[in-house]
Amino acid sequence: MTAPVGSTARTLEVRVWRGKEAGRYQSFEVPRQESQTILDVVTYIQRELDHTLAYRYACRVGMCGSCAMTINGKARWTCRTHVTSVGDRLEIAPLANLPVVKDLVTDMAPFFDKWARAKGHFHATQTRRDGFAAVRPDSPQRLQIDAAIECIGCGVCYSSCDVVHWLPEFLGPAALNRAWTLVNDVRDGARVERLAAVAGDAGCHACHTQMTCTERCPKRLQPTAAIAGLKRASLVVALAGAL
Amino acid sequence: MGLARGVGGIRLKSDWRTRNHPAYWAFVVHRASGLALAIFLPFHFWALGQALGGPARLENFLRWADQPLVKAGEVGLVLLLAAHLTGGVRLLMLEFLAWREWQKGLLAVSAGISVLAALAYALNFV
Amino acid sequence: MKVRTQVLLWGAQRYTAMVLVFCVVVHLITIVYATRYGLTAAQILDRTQGNLGWAAFYALFVAAVAVHAAIGMRAILSELLDWRGAALDALLVCGAVGLTLWGWRAVWGVFA
């Protein structure tokens with residue numbers, strides 16, 4: 001719902017989630033400014049109206065991903081969401097699919113635990129004595145990596161995925177996307193172990209190409225494409241008997 | 001936002017607003033059509049198995065199936081089958097071919113072909 | 001179930017999907033043809049009975065759809081009913097075998 005052009009509404013009606021998983025929406029009236037982000041709104045509420053509101057942010061300029069929340073049902077970065085793109089009536093809640101610490105703050109530990117379970121870290125095979133690895137920037141694998149490497153771990157995709165909700169053990173789009181960048185890294189020494197970690201019922205094969213992750217990613221990444229790549233790569237390894 | 005019980009306790013879940021986009025609708029159509037077709041299949045095999053009793057038995061069934069409501073149901077089934085087929089081809093392309101932007105248009109193409117197939121079947125009765 | 005088996009199940013479902021694309025297109029064309037020309041049961045059976053080629057086609061169709069549907073149902077049941085494990089897998093294997101035999105019975109009736 002977008003505000004009409006030249007809206008004369010002076011205040012915003014804002015409902016904010018209070019509590020943990022069990023909780024309620026609390027209503028506030030917030031003065032409308034000419035240029036205002038959702039983060040501005042939440043900050044105003046916490047500073048001027050209710051000091052007990054808990055929320056998280058850091059850079060406030062769209063670089064860190066800390067301020068991600070659910071705005072009118074969709075996971076977004078609050079610092080990069082203008083009020084005009086949402087409307088006069090705001091519903092602000094914490095990210096879905098994660099435990100709630102308090103109000104708008106979620107526990108990101110499960111998200112990063114799955115990152116580790118998907119072996120989302122580089123395994124070196126050389127030392128400083130071995131010289132530089134030569135990787136052409138236009139090689140097909142490097143292009144695949146470039147398309148997926150900009151993830152900052154904000155949790156928007158994870159929060160938007162139905163499969164994460166249905167299957168709590170599902171690794172999720174971000175962890176799988178990061179694993180894909182490493183599967184394509186010719187310097188990495190753990191390709192088969194990583195494919196074994198990301199394949200199967202709790203991994204890439206549980207993805208049903210709903211593409212909400214790709215739809216919502218603030219960095220315009222395509223986790224669905226990365227997951228499709230993992231499906232192909234793991235099938236090859238499984239058929240070769242190496243998985 | 002709604003509550004949902006899952007492993008590890010209650011978690012807040014997202015609602016329809018974030019699911020309201022074409023690729024998600026495609027998923028719903030694909031899953032619903034697949035489930036409906038899977039449930040239909042045993043009945044389909046039973047009906048064709050009537051042939052075991054000779055042409056007359058099968059003819060009985062075909063004439064029963066001539067009723068307008070049954071014919072309408074058959075058009076629906078063809079639509080479901082065509083939708084599941086074309087949606088499935090779209091998925092096979094997304095999963096097995098390199099990712100390309102034009103693949104988003106596959107959704108429209110697949111919907112169009114489904115409707116055409118159902119029309120071809122339905123128009124036999126006009 | 002081992003990860004390798006899960007990956008191969010996914011592969012089997014996609015592989016049978018490709019087989020089914022071919023089978024379903026052929027089937028849709030034949031069905032539209034049969035209804036357009038208002039074929040009676042006797043006329044249909046006249047063309048199908050003793051036809052080994054078509055019998056083989058439909059026997060393959062039945063087997064492919066049984067595998068494809070069973071693996072698809074596995075995803076639906078585990079996600080929507082929170083059901084996992086050996087019991088579910090055993091039920092689906094029985095379902096796939098049962099559907100295959102039930103379908104081959106119909107193929108026998110139409111093509112034998």
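Which ones in the range A:203-219 are at the interface with another protein chain (Cβ under 9 Å from one of its Cβ atoms) and either in a loop (DSSP other than H, G, I, E, B) or β-branched (Val, Ile, Thr) (or both)? Residues satisfying the conditions are A:GLY203, A:HIS208, A:THR209, A:GLN210, A:MET211, A:THR212, A:THR214. If you check C:ALA64, C:ALA70 for being in a helix (DSSP H, G or I), touching a Leu at 6+ places or on another chain (Cβ under 6 Å) and within 30 Å of B:PRO55 (Cβ to Cβ), only one passes: C:ALA64. Residues that are over 21 Å from B:PRO22 (Cβ atoms) and of a type in the set (Val, Ile, Thr) do occur in the range A:222-241.
Taken residue by residue, the range A:187-200 has no member that is crowded, with 21+ Cβ neighbours inside 10 Å, under 24 Å from B:LEU91 (Cα atoms) and within 13 Å of chain B (Cβ to nearest Cβ).
There is at least one residue in the range B:22-36 that is within 13 Å of chain A (Cβ to nearest Cβ), farther than 20 Å from C:LEU80 by Cβ and either assigned to a strand (DSSP E or B) or modelled with pLDDT of 85 or more (or both).
With respect to B:PHE61, is the statement that it is in a helix (DSSP H, G or I), of a type outside the set (D, E, K, R), more than 30 Å from A:PRO140 (Cβ to Cβ) and at pLDDT 90 or above true?
Judged against the criteria, B:PHE61 is not a match.
Does any residue of the range A:147-166 turn out to be more than 30 Å from C:ARG84 (Cα to Cα), within 14 Å of chain B (Cβ to nearest Cβ) and under 20 Å from the mean Cα position of the chain (by Cα)? Yes.
Quick grid of which residues meet (1) touching a Pro at 6+ places or on another chain (Cβ under 9 Å); (2) farther than 28 Å from A:PRO99 by Cα; (3) basic (Lys, Arg); (4) in contact (Cβ under 8 Å) with a residue 12 or more places away in the chain:
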site	(1), (2), (3), (4)
A:LYS119	no, no, yes, yes
A:THR127	no, yes, no, no
A:ASP138	no, yes, no, no
A:GLN141	no, yes, no, yes
A:ALA147	no, yes, no, yes
A:VAL156	yes, no, no, yes
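The values are calculated or read from the model by the stated rules, or taken from the named source; none is laboratory data. Only a predicted model underlies this, so the values are computations on that prediction, with no experimental measurement involved. All Cβ positions, even for glycine, are placed from backbone atoms using ideal geometry, and neighbour counts span all protein chains on display.
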